[in-house]
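A short reminder: the numbers here are calculations on the coordinates, not readings from a lab. Quick caveat, the model's predicted, so the values are computed rather than measured. All Cβ positions, glycine included, derive from the backbone under ideal geometry; neighbour counts span all protein chains shown.
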Amino acid sequence: MAILKPFRGIRPIKSIAKEIAARPYDVLNSQEARNEVAGNPYSLLHITKPEIDLYPEVDVHSQSVYDKAVENYKNFIKKGWLIQDDKEKLYIYAQTMNNKTQYGIVGCAAVEDYLNGVIKKHELTRPDKEEDRMKHVRINNANIEPVFFTYRAVPEMDNIVSEFVGNSDPEYDFVADDEIGHHFWVIDNKQMIDKIVELFISIPATYVADGHHRTAAAVLVGNEKKKNNPDHRGDEEYNYFMVVLFPHDQLTIIDYNRVVKDLNGLNSGEFIERLEQGFIIEKKGREIYKPGSLHNFSMYLEGEWYSLTARQGTYENNDPVGVLDVTILSNQVLAPHLNITDLRRSNRIDFIGGIRGLGELKKRVDSGEMAVAFALYPVTLDQLITIADTGNIMPPKTTWFEPKLRSGLVIHGLD
């Protein structure tokens, strides 16, 4: 059973909600964040990437940066930009992209659910990133940003959400600069809150879609507070962390593509000849070619696009990880022919989210920066859930969810 808990959200006043809402801390670097907040003192990036308010050479993991986060967070509250709700509530956060809207329920998940496997993950986390977010949560005593979760859709839950948003005005409703719409409702009806909480009890598992490091950090801080509290009861706020839960059938995973700096000493003819061992290859010319199905890849090399279709027998249909296209590409191309065996550490490969389009792959190769590019068909939600359910882990840089959550519409304090 999945635990969902209402909480007293710390939220922006309505007049500046759009200005406070910001992209997640990990989708832009410090300089991009500085550029994004220019002229906007309200942006949550002042809290989530506080180095933007210090000198450019600052070490982003130095204590001064974490201290600045706390200073800015307290100032936001002192100035009345953020106000805490008077009672525990749930919220609905919807996003609209390309005329499609997805509706998520905002509440708190339980640390215990992560530890006992009710919350399932599909990616490994890096200790250094965990430590960074741990410090941020610990020093602010809050989950400043939500985590993106999914669950297998429940028709009754869909009906409750649909009826509520159809009969209520959103608290916040705006279109961001990237033309994605953000809509946020406050649920303060106790009967409705209790019904949603009850429905989640019947859900066997929830899944981390995006935000594995934030999830792990929240759990670690919760455990830390538990150990340091001799009067721990189990119902303290630090036993929970903020999530947005979307039904799986509303979400979109887009492609996550690869570019490689060199052909490992091969010329293009030799490289293509080697690829024929594992793929049916079709030359597509100079027009951008997008993969049309699972196990079909697009390759851009020396000004030409190619279709690569993995041959039967080169992958294992009964292996939930082995059947992934990212695994096929690694096993049939990157490792044997390009000598790239560690995607996390190799400096010869880079990853490009499909939101930037296949034109970005062409640009990187045509510039001479990269030698070859590969576009992949997106992973499906069913593949992600199957991997999480079987206790497996996806290879690095497999999933790219879009749209990204905007941070700052609600914050969860740990007191």
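Of note:
- Rounded to the nearest whole Hz, the Karplus-based 3J(HN,Hα) values (6.51 cos²θ - 1.76 cosθ + 1.60, θ = phi - 60°) of the stretch 93-101 follow the sequence 10, 10, 10, 10, 9, 6, 6, 10, 10, with x at glycine and proline.
- Contact order relative to length of the chain, as percent, for alpha carbon pairs under 8 angstrom and 6 or more apart: 24 percent
- Dipole magnitude of the stretch 273-337, debye to nearest 20 (Cβ charges: Lys/Arg +1, Asp/Glu -1, about Cα centre): 140 debye
- CD proxy at 222 nm, helix term only [per DSSP H run n ≥ 4: -39500 (n - 2.57); per residue of the chain; nearest 500]: -8500 deg cm²/dmol
- Partner lysines whose Cα lies under 24 Å from the Cα of Lys195, excluding those fewer than 8 positions away in the same chain, are identified as Lys5, Lys87, Lys89, Lys120.
- The stretch 294-353 and the stretch 125-174 have Cα centres lying 33 Å from one another.
- The listed peptides 121-134, 377-390, ordered by packing as a protection proxy, come out as 377-390, 121-134 (highest mean of other Cβ atoms within 10 Å first).
- For Glu171, the residues whose modelled amide H falls within less than 5 Å of its own, excluding neighbours fewer than 5 places apart on the same chain, are Phe184, Trp185, Val186.
- Table column - 3J(HN,Hα) (Hz), the stretch 365-380, Karplus curve with 6.51, -1.76, 1.60, x for Gly and Pro: 7, 4, 6, x, 5, 10, 9, 8, 10, 10, 9, 10, 6, x, 5, 8
- Cross-link partners for Lys78 among the lysines, with Cα-Cα distance under 16 Å and sequence neighbours closer than 8 places in the same chain left out: Lys68.
- In terms of packing, defined here as the mean over residues of other Cβ atoms within 10 angstrom, the peptides 44-55, 258-269 line up highest first as 44-55, 258-269.
- Placed amide H near Phe279: partners under 5 Å, 5+ positions off or other chain: Arg311
- Proximal lysines relative to Lys121, as straight alpha-carbon distance under 17 Å, when same-chain residues fewer than 8 apart are discounted: Lys129, Lys397
- For the stretch 256-377, relative contact order (Cα pairs under 8 Å, six or more residues apart, normalised by length) works out to 43 percent.
- For the stretch 232-327, averaging the sequence separation of C-alpha pairs within contact (under 8 Å, six or more residues apart) and dividing by the residue count gives a relative contact order of 19 percent.
- A dipole drawn for the chain from +1 and -1 charges on Cβ atoms has a positive end, and of Ala373, Thr96, Asn296 the residue lying farthest that way is Ala373.
- Dipole axis of the chain (+1 Lys, Arg; -1 Asp, Glu on Cβ), positive-most option in Val60, Ile187, Val208: Val60
- Judged by the ratio a/c of the largest to the smallest principal axis of the C-alpha gyration tensor, the chain counts as prolate, that ratio being 1.5 or greater while a/b is larger than b/c.
- Separation of the stretch 1-32 from the stretch 357-415 is 20 Å, based on Cα centroids.
- Dipole axis of the stretch 256-377 (+1 Lys, Arg; -1 Asp, Glu on Cβ), positive-most option in Ile281, Gln332, Gly353: Gly353
- Long-range HN-HN contacts of Trp400 with modeled amide H, under 5 Å: Ile254
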